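Here's the structure, in structure tokens; my notes come after.
The values are calculated or read from the model by the stated rules, or taken from the named source; none is laboratory data. As the structure is a prediction and not an experimental result, all values here were calculated from the model. Cβ coordinates were reconstructed from backbone atoms using ideal geometry, including for glycine residues, and neighbour counts include every protein chain displayed.
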Amino acid sequence: MNIHRYLSEKRLKLFKEEGILGISNIEKCRNHENELLRDNLEGVKSYRDENGPNTYDTDFLREFYKDSNIRIQSSDPKKKAFVKMLNGTIFSVNYQNAFLFCTSAGDIQVMKKKFSTEKYFEIIRPEKLGNHILTELNKQYRVIAYCFDTVEYVTSKNLKNLQEKHKNNIKLNLYPNETISESNMDLLKRSFNNYFQKEAAFFSDEKEYRFVYLVDGKIPIEHVNIKLHKNVIKKSVHFV
């Protein structure tokens with residue numbers, strides 16, 4: 001699979017000459033200035049009630065608040081709590097923000113138009129590049145888990161139509177002798193599964209391969225710059 005990174009002429013020159021590469025994040029993609037690339041559901045789990053009003057109990061709502069700080073409960077621990085949703089109500093939870101480096105295996109001419117640029121480079125060794133991005137990000141942030149993989153395109157990210165899965169090929173980046181609980185590992189797998197799902201109707205033409213890095217701590221709103229070693233660039237990237 002040939003994957004490409006599309007970027008402005010200025011950013012390409014900076015990467016080619018100085019090794020400086022911009023890394024975006026999930027939240028920024030939700031608010032992308034390019035409407036064709038903006039995805040309001042990046043890292044979001046949602047349910048849209050299209051036949052309301054309906055009343056839901058905590059067994060249903062637990063699918064959402066188990067991954068967040070939200071808690072919905074009755075004042076009587078022996079009784080269920082209920083929430084009434086009107087027609088068109090969207091109930092959603094945003095997963096933790098994560099660093100994101102996106103590439104595409106889509107048709108080059110179509111992608112040039114969609115990304116509004118003629119400039120791109122080819123990634124010939126994705127894992128090598130991804131691991132080096134990890135090394136450099138880890139100098140500025142505490143990366144705890146990461147994954148490189150193709151995006152799964154789904155008909156809808158509405159939880160009603162979406163079978164929640166676990167992303168089992170994530171890798172941990174822990175300190176020596178550091179461990180992670182089974183429940184937290186389960187949460188990581190669900191989170192990463194969400195990071196790698198996009199709605200087919202709007203994004204399937206991109207045939208995206210992405211690199212996701214989850215960190216311990218807050219991520220800046222804008223992208224961050226990292227500097228890659230020229231030898232790594234030479235072995236993992238082909239400039240067209």
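Quick notes on this one:
- Qualifying residue in the range 206-222 (condition: of a type in the set (D, E, K, R), surrounded by 16 or more Cβ atoms within 10 Å (Cβ to Cβ), outside any strand (DSSP E or B) and touching a Gly at 6+ places or on another chain (Cβ under 7 Å)): yes
- If the condition is being touching a Leu at 6+ places or on another chain (Cβ under 6 Å) and in a helix (DSSP H, G or I), then the range 96-128 contributes only 114.
- Which numbered condition residue 67 misses (of (1) more than 14 Å from the chain's Cα centre (by Cα); (2) modelled with pLDDT of 65 or more): (2)
- Within the range 80-91, none of the residues are at pLDDT below 95, within 23 Å of residue 33 (Cβ to Cβ) and not hydroxyl-bearing (Ser, Thr, Tyr).
- The set of residues in the range 8-43 being in contact (Cβ under 8 Å) with a residue 12 or more places away in the chain and among the polar types (S, T, N, Q) consists of 8, 24, 25, 34.
- Single residue of 148, 192 found to be crowded, with 19+ Cβ neighbours inside 10 Å, in contact (Cβ under 8 Å) with a residue 12 or more places away in the chain and part of a strand (DSSP E or B): 148
- Residue satisfying all of: in the range 71-95; assigned to a loop (DSSP other than H, G, I, E, B) and among the charged types (D, E, K, R); nearest to residue 143 (Cα to Cα) among these: 71
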